[in-house]
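Below you'll find the structure, written out as structure tokens, and then a few comments.
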Amino acid sequence: MKNTIASRIADFLKNYPPFNLLKKEDLLEIAKHVKVKYLEKGKMLFAEGDIGHKRFYVVNKGAISLERDNNGKRETIDKCDEGDIFGLRPLFAKENYLINAIAEEETILYAIPIKKFKPLSEKNKEVNNFLIQSFASNTRNPYSEAHKGKLISEKEPAENQYKPNNNLFELQPAPVTKKVVMTPPDTTIKAAAQLMSKKKVGSVLVVEKNIPKGIVTDEDFRDMVATGTFGIETPISKIMASPVICYPQGLTIAQAQLTMMKHHINHICITEDGTPNTKVVGILSEHDIMVSEGHNPSVLMKAIQRSSSTNELKKIRHKITLLLRGFLAANIPLNHISKIIFELNDATIKRIIERCIKKLPTPPPCDFTWISLGSQGRKEQLLQTDQDNALIFEDVPEEKLEETRAYFLELARKVNKRLNIIGYEFCPAEMMAKNPKYCLSLNEWKDQFTNWIIDPGNDEILLCSIFFDFDISYGNVNLSNSLADHIFSLTKDNRKFYAVMGATTLRNPSPLGFFRQFLLEEDGENKDFFDIKKRGITPLTDAGRLLILYHQVKNISNTSERFEKLAQLEPNNKELFLACAYASKVLLKFRTQHGLENRNSGRFIDLENLSKEEKIKLKRCFKSIRQVQELIKYRFEVTPYI
Amino acid sequence: MLNLFKKKPDNLPEFWNDYEAKFQEKLPEEITHTRFVVFDTETTGFDIKKDRMLSIGAVAIKNKSINIADGFEEYISQETFNPKTVKIHGIIQNERIETLTEEEAVKAFLNYIGNSVLVAHHAGFDIGMVNEALSRLGLPKLKNKVLDTVNLYRGTRIISNLINREKSYTLDEIAETYNIDIKDRHTAAGDAFITAIAFLTILGKLNTDGKMNLKKLFRV
């Protein structure tokens, strides 16, 4: 019998240690006995105290979070993604698991039978050493490339958790970059600078046959070139700092930081034996140490802008979540949190688009704008939810139209796919730029909106409400502005449209029932839960959108900012609008905290778990919702017959 | 004329009787206890009557995992040769892959599937191909329950006027949505594996309330 599937599994495994150390035929034999396991998001594979499974696991797709209970609180010990191995305990001891393994996202695992694997690992010393070392070590830093592929032990300090003062952090091995930007000593200063700006790095290592000779940093350019001391055609060796401070591998972060302080440097070169006489294996920068610390927005921002793979972005995204958790724990004002998270999301989207354009054989045939819709458009997307986006391209001659669209559809397909990989689920309504319906030229978009606004049915209003909250993510802002102007010209004094939109806004009534109890979901999978999105956030968002459209205000898409603007525009309703602005912040924060706790969208809330205080806070928000709905009802003459 | 309706099984071969006997056992109610066989056939073309199977590939799923050891991959020797399909399938006649006769392959397949629930992408076609082969051997049609991943996938799409739910989704489209690696596409076993991963993912999406059972799955 041929073994197409087993070979395919072996093909995957061979890229990761310890499987890369196995003989081809042995690996195929193992692959034949693999089980491919699917885990839904949030599913527990094994729990602390469970009897060891007969298999250990390799992540094929998705991510597994290893956690431990610490006085009733779940602590993340580590996160495993593609190619990482976990659940090794039964391989070594007949003991029960000491940790929980939970699917952080939808995950596919390859389960390796211990019975088949053990004889091989015992025969192969290298494999065995790798497993033992990794199992016993408590030093894996899953975010640094240098340690990629090392295994994790199940008893590990919680170094990757967000803690404002993480003492253990300094004892972690310093993250080493293996892709070092290097140049020979006779390179001109100009060429070296070009290389650095192309690679977006702040330093370049000067090497001769891979032996480090010197290092040049941004600072040297400022001090020695920009001052006129050296011309740009001078060889780089004239301005390099030499000798280079070198160390062997395995430096801890504390050692690295001390060394940098002592020598007033930002980079340490890692060589084979730790002297400047052997070959370079990597470089360690202050920046990378800061990145691995992971709770500094400006560092994350730089990391996003420099990222060179989708996987890297995915890891950065994970850190953004840690950052968010830290912000919420520290009770930082939500406005501030939203802004930072929005900027980081925005930078991620920009970076992906930038990289996808480069991947295409030709540059874009004309100007275009990538717009984000829905919550990202409103700058309210704290948790990763669905991606909603669209693309506007410049008007082109009729005969070029389809060709141009084909280009942008291809671009959008790439961008949508990568956004999905880093964690933004595809929009279930297919409201994405890769959908030919939402990848249109400016004129086509104008026609589209004209149709929606002139004859507004339910679907049209839904589309309008999604598309009115757009934010430009990439490209030419004139295109989206021109579209916004068009929308305003159509809606100005359009009482019919406002009335229909008002009716939709009121479709989700105030979430408090007659007896001031919460209205719960009555059926479906979330029966008896409170839907904070449908009953709290959406009515406010809808109200804000309608009122701001009525005032023809452009470029404010955030709900609380919209209400703050409305408070300025209508002093007589100032109090109500400020209360609405406040309510929208509270509800969003509520949802975000719930989402983080339960690893979901945070949309459905179990009221039983709320404190009295939280309930009162929610009820106060709902009062504002009811009042603003009343106002809309009178202002836009919404009758129940529409 | 009466003969047509009263095809008595006394003269049917033993392997068929063995296969049939397995259906006396009732299927479990729970999805986790059910054995699903996800399969795909590679054929010389798309005409169920004229064309022939080149290979059958399958994997078995139980308790949300694919057991690679419980797989099926057989190639069928051809009497009629259609050069057009060589390019697509990479299965060249008389290549050094061990082949079975159609009868041997069908026999092995029946033994492998038993009373499991069959799953395929555009299942009607693959089931039709197997049934035609059975009929050439003078045997009745497959008795297994069948699920089609095209339908199941459709069931995961939201109900909205904004999308066309009647659309027939290709395996490539589903693989793109779920980000499934499409190596070995257009080999029976490779496609069966991709379909199996898609099937597991779809089950996850359909079972968000944890209450999905086999009965409900057939109603999607």
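Couple of notes before you dig in:
- Some residue of region A:382-398 being small (G, A, S) and free of Cβ contacts under 8 Å to residues at least 60 places away in the same chain: no
- B:A198 under 17 Å from the mean Cα position of the chain (by Cα) and at the interface with another protein chain (Cβ under 9 Å from one of its Cβ atoms): no
- Check on A:K32, within 30 Å of A:K125 (Cβ to Cβ), within 13 Å of chain B (Cβ to nearest Cβ) and surrounded by fewer than 21 Cβ atoms within 10 Å (Cβ to Cβ): yes
- Of all residues in region B:148-193 being within 11 Å of chain A (Cβ to nearest Cβ) and of a type in the set (D, E), the one that is nearest to the chain's Cα centre (by Cα): B:D191
- Scanning region A:346-382 for residues that are crowded, with 22+ Cβ neighbours inside 10 Å and assigned to a loop (DSSP other than H, G, I, E, B) returns A:L373, A:R378, A:K379, A:E380, A:Q381, A:L382.
- When each of A:A241, A:A254 is tested for being of a type outside the set (F, W, Y), modelled with pLDDT of 85 or more, touching an Asp or Glu at 6+ places or on another chain (Cβ under 8 Å) and over 20 Å from A:K198 (Cβ atoms), the lone residue that passes is A:A241.
- Of the residues B:L217, B:L200, the single one that is at pLDDT below 90 and surrounded by 15 or more Cβ atoms within 10 Å (Cβ to Cβ) is B:L217.
- Set A:G49, A:G87: member being of a type in the set (G, A, S), away from every other protein chain (no Cβ under 14 Å) and buried (at least 20 other Cβ atoms within 10 Å of the Cβ): A:G87
- One residue from A:Q194, A:Q249, A:Q172 being within 20 Å of A:E286 (Cα to Cα), surrounded by fewer than 17 Cβ atoms within 10 Å (Cβ to Cβ) and either at pLDDT 90 or above or not hydrophobic (A, V, I, L, M, F, W, C) (or both): A:Q249
- Scanning region B:146-174 for residues that are touching a Phe, Trp or Tyr at 6+ places or on another chain (Cβ under 8 Å) and surrounded by fewer than 17 Cβ atoms within 10 Å (Cβ to Cβ) turns up just one, B:R154.
One line per residue, one yes/no per condition, for (1) more than 13 Å from chain B (Cβ to nearest Cβ); (2) small (G, A, S); (3) farther than 21 Å from A:P363 by Cα:
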residue: A:I392; (1), (2), (3): yes, no, no
residue: A:L401; (1), (2), (3): yes, no, no
residue: A:Y407; (1), (2), (3): yes, no, no
residue: A:K417; (1), (2), (3): no, no, no
residue: A:C439; (1), (2), (3): yes, no, no
residue: A:D455; (1), (2), (3): yes, no, yes
residue: A:A484; (1), (2), (3): yes, yes, yes
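- Scope region B:202-211; condition out of contact with any strand residue (DSSP E or B) (no Cβ under 7 Å at 6 or more places or on another chain) and either within 9 Å of another protein chain (Cβ to nearest Cβ) or not β-branched (V, I, T) (or both); matching residues: B:L203, B:K205, B:L206, B:N207, B:T208, B:D209, B:G210, B:K211
- Criterion applied to A:T538, A:T559, A:T592 was being over 21 Å from A:P333 (Cα atoms), crowded, with 16+ Cβ neighbours inside 10 Å and among the polar types (S, T, N, Q), and the one residue passing it is A:T538.
The values are calculated or read from the model by the stated rules, or taken from the named source; none is laboratory data. Everything quoted here is computed from the prediction, not taken from an experiment. Methodologically, a virtual Cβ is constructed for each residue, glycine included, from the backbone with ideal geometry; neighbour enumeration extends over all protein chains shown.
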